[in-house]
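Undergrad: To start, I am sharing the structure in question, which I have written as structure tokens.
FYI, it's all coordinate maths here, none of it is from the lab. Bear in mind the structure is a predicted one, so any value in this text is a computation, not a measurement. Cβ atoms come from the backbone with ideal geometry, glycine included; neighbour counts cover every protein chain shown.
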Amino acid sequence: MWWGVAAALLANVLFSTGFVLEKRALGALPSVDVRRPAQLIRLVLGSPLWFAGALALAAGFGAQLLVYRTLPVAAAQGIFVSGLVLLLLLSSRLLGEETSGRERGAMAVILLALLMIVLSLGAGTDTIGDEASAPVILAIGVPSIALSLSLYAGAERRARRRHRLPTTGVPYGVALGILYGVSSLAIKGVSGHLTGFTDAPVAAAADLFGSPYPYLLLCTGPFGLVLSQAALQRCRASLIVPVCTTVTSVYTAVTGTLAFGESLPHEPVKLALRLGGTVLALSVLLALPKHDAPPQPTGHAHKELIPRET
């Protein structure tokens with residue numbers, strides 16, 4: 001179990017570093033457009049800084065394979081979300097992004113909610129599921145991908161309206177969070193097939209590619225790459241990534257627990273902690289502001305509005 005905790009903390013560092021590096025690189029690139037995916041990919045691959053961030057994210061996803069082999073889904077998500085603190089520090093120091101008091105308070109409550117989820121875990125009672133039935137995974141994953149793309153398209157349409165306040169990125173974060181949640185379920189499923197590769201690699205590979213997990217990754221990977229870059233370029237990483245991470249964690253903890261047979265706690269206190277933490281995280285997410293405040297006029301510009309006395 002401790003190997004899983006160490007791998008989850010390492011994944012936190014890799015994810016936070018990767019997102020910040022990509023955001024910094026995107027700030028120096030021309031505006032990207034999800035409607036031109038080939039151009040978007042060409043632009044980002046030409047940036048060494050973005051490529052370093054992408055490698056860090058890829059390594060973070062690799063670390064998740066070990067995490068899901070040794071920790072229950074809900075426990076893993078609780079540790080992953082604790083990485084938001086590191087992300088906020090990095091985005092403040094390296095990107096110069098400032099968060100409002102309301103947003104900082106919301107992030108603190110989210111961390112409290114996920115601490116409640118972690119406290120609901122029991123080393124001797126929590127089970128670690130290795131496999132879920134293909135119909136169940138597809139019934140969860142396919143509609144979720146469609147919902148994610150629909151939410152993202154809606155956010156794009158609203159963002160293009162004239163005279164609209166600049167978006168904070170919450171709608172984008174929700175859409176990406178659902179997409180990455182499906183990806184997390186697929187990674188969890190792939191991790192359950194890794195043990196067989198040491199004894200019978202050919203049979204294990206055939207079993208893996210006969211499951212829906214690799215194909216869900218093939219869908220969520222390209223979509224996540226293209227959609228996340230456009231969202232990161234136009235929104236603050238210090239808000240969009242925490243929202244995305246929270247949605248991913250809650251989505252994965254709920255659907256993964258059900259799909260992989262990792263039962264909820266039987267003790268009333270631990271059950272209340274797990275359910276209460278999930279509801280609290282979602283409530284804070286819904287209460288976050290959807291738009292940034294319009295820029296305040298400077299003192300000089302403000303003075304120009306005052307008519308001179310004649």
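Undergrad: Taking the simple approach of a point 7 Å from Cα along Cα-to-Cβ for both Ala200 and Arg102, what is their distance in nm?
TA: Once both label points are built, they end up 5.9 nm from each other.
Undergrad: A further question on this structure: Using a 7 Å offset from Cα along Cα-Cβ at Leu119, what residues in the stretch 251-270 end up with backbone N under 13 Å from the label point?
TA: Correct set: 269-270.
Undergrad: What ranking, highest mean first, results for peptides 184-194, 21-31 when packing means the other Cβ atoms within 10 Å averaged over each residue?
TA: With the highest mean Cβ count within 10 Å placed first, the list reads 184-194, 21-31.
Undergrad: Give me the one-decimal nm value for the distance between modelled label points at Trp3 and Arg234, 7 Å along each residue's Cα-to-Cβ direction.
TA: For the pair Trp3/Arg234, the computed spacing is 4.5 nm.
Undergrad: Specify the inter-centroid distance of the stretch 125-158 and the stretch 224-262, based on alpha-carbon positions, in whole Å.
TA: Cα centres, the stretch 125-158 to the stretch 224-262: 11 Å.
Undergrad: FRET efficiency for Ala58 and Leu271, Cβ-Cβ distance as r, R0 = 45 Å, nearest 0.05?
TA: 0.80
Undergrad: Please list the equivalent ellipsoid semi-axes of the stretch 1-51, computed as the square roots of five times the alpha-carbon gyration tensor eigenvalues, in descending order and whole angstrom.
TA: Ellipsoid half-lengths, sorted descending, are 30, 11, 8 Å.
Undergrad: Please give the contour-minus-distance gain from Ile41 to Asp207: 0.36 nm per residue of separation, less the Cα-Cα distance, rounded to one decimal in nm.
TA: Here the answer is 56.5 nm.
Undergrad: Using the beta-carbon distance between Ala146 and Val279 and R0 = 25 Å, what value does 1/(1 + (r/R0)^6) give for FRET efficiency, to the nearest 0.05?
TA: According to the calculation, E is roughly 0.50.
Undergrad: Output the peptides 244-250, 198-204, 105-111, 232-238 sorted from most to least packed, where packing is the average of other Cβ atoms within 10 Å over each peptide's residues.
TA: 244-250, 232-238, 105-111, 198-204
Undergrad: Express the Stokes-Einstein translational diffusion coefficient of the stretch 2-291 in µm² s⁻¹, to the nearest whole number, given a Kirkwood radius over alpha-carbon pairs, 25 °C and a viscosity of 0.890 mPa s.
TA: Reported coefficient: 127 µm²/s.
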